[in-house]
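Asks: This is the structure I want to talk about, given as structure tokens.
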Amino acid sequence: MTPGGNRAWRVALGADHAGYAAKKELFRELAGLGYKVVDYGTHSVEPCDYPEYALRVSKAVAGGRCDRGILVCGSGLGMEIAANKVRGIRAAAPWSVRTAKLASQHNWSNVLCLPGRFASIPTLKKMAAAWLKTAPERGGRHERRVKKIIKIESKF
Ligand code: RB5
């Protein structure tokens, strides 16, 4: 993963029905900022199951087809739980622009899970853009801690 702010990044985007409207807006916003955005669905407001989209986006990121992933469901929480089941994924569900930045800077998250029903579209756009351009902080206590997370994953 290269440092944040790389506009050449391929960003995998996915949502369930509760995040569908926000996903459309995020697609436009991030494409407008210069990211190469890949839409992994869903493609309507027809009720669907969020783990399917969490898996599609997480596989794209873990497999290297995309550099980062963004998932939207109602709360962000189901997507976060499902995405974190995929080896190599560090999915975070922030609740503000500040915590979105920290999710990259301190936690090195590679998937962001957003709450389509609990934040406005402008706030979701700001959270996504801030997360994408914030680089993971390397070489200090945060790297040590993330490496401990990676070590846990390697044992199970
Ligand atoms: C769908 O109604 C809702 O449960 C889902 O979008 C998500 O919030 C789950 O965590």
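The values are calculated or read from the model by the stated rules, or taken from the named source; none is laboratory data. Because the structure is predicted, anything quoted here is derived from the model rather than measured. Quick reminder, even Gly has a Cβ in these numbers, built from the backbone with ideal geometry, and neighbours come from all protein chains shown. All accessible areas refer to the heavy atoms of the entire protein, side chains included, with ligands and DNA or RNA removed. Shrake-Rupley method; radii C 1.70, N 1.55, O 1.52, S 1.80 Å.
Asks: Any residue at all in segment 20-41 that's touching a residue at least 40 places away in the same chain (Cβ under 8 Å) and among the small types (Gly, Ala, Ser)?
Replies: yes
Asks: Additional query: Please state which one of Arg138, Arg117, Arg145 is in a loop (DSSP other than H, G, I, E, B), over 24 Å from Arg56 (Cα atoms) and open to solvent by 10 Å² or more (accessible area, probe 1.4 Å).
Replies: So the residue among Arg138, Arg117, Arg145 that is in a loop (DSSP other than H, G, I, E, B), over 24 Å from Arg56 (Cα atoms) and open to solvent by 10 Å² or more (accessible area, probe 1.4 Å) is Arg138.
Asks: Identify the residue in segment 9-18 that is more than 11 Å from the ligand (Cβ to nearest atom) and part of a strand (DSSP E or B) and, among all such residues, is farthest from Leu71 (Cα to Cα).
Replies: This residue is Arg10.
Asks: Okay, moving on. I need a count of the residues in segment 19-60 that are surrounded by fewer than 22 Cβ atoms within 10 Å (Cβ to Cβ) and either more than 15 Å from the ligand (Cβ to nearest atom) or among the hydrophobic types (A, V, I, L, M, F, W, C) (or both).
Replies: Selection size over segment 19-60: 21.
Asks: Continuing with the same structure: Residues of segment 80-106 being part of a loop (DSSP other than H, G, I, E, B) and in contact with a strand residue (DSSP E or B) (Cβ under 6 Å, 6 or more places away or on another chain), which ones?
Replies: Scanning segment 80-106 gives Asn84, Ile89, Ala93.
Asks: I need a count of the residues in segment 72-88 that are near the ligand (Cβ under 10 Å from one of its atoms) and not small (Gly, Ala, Ser).
Replies: Here the count works out to 6.
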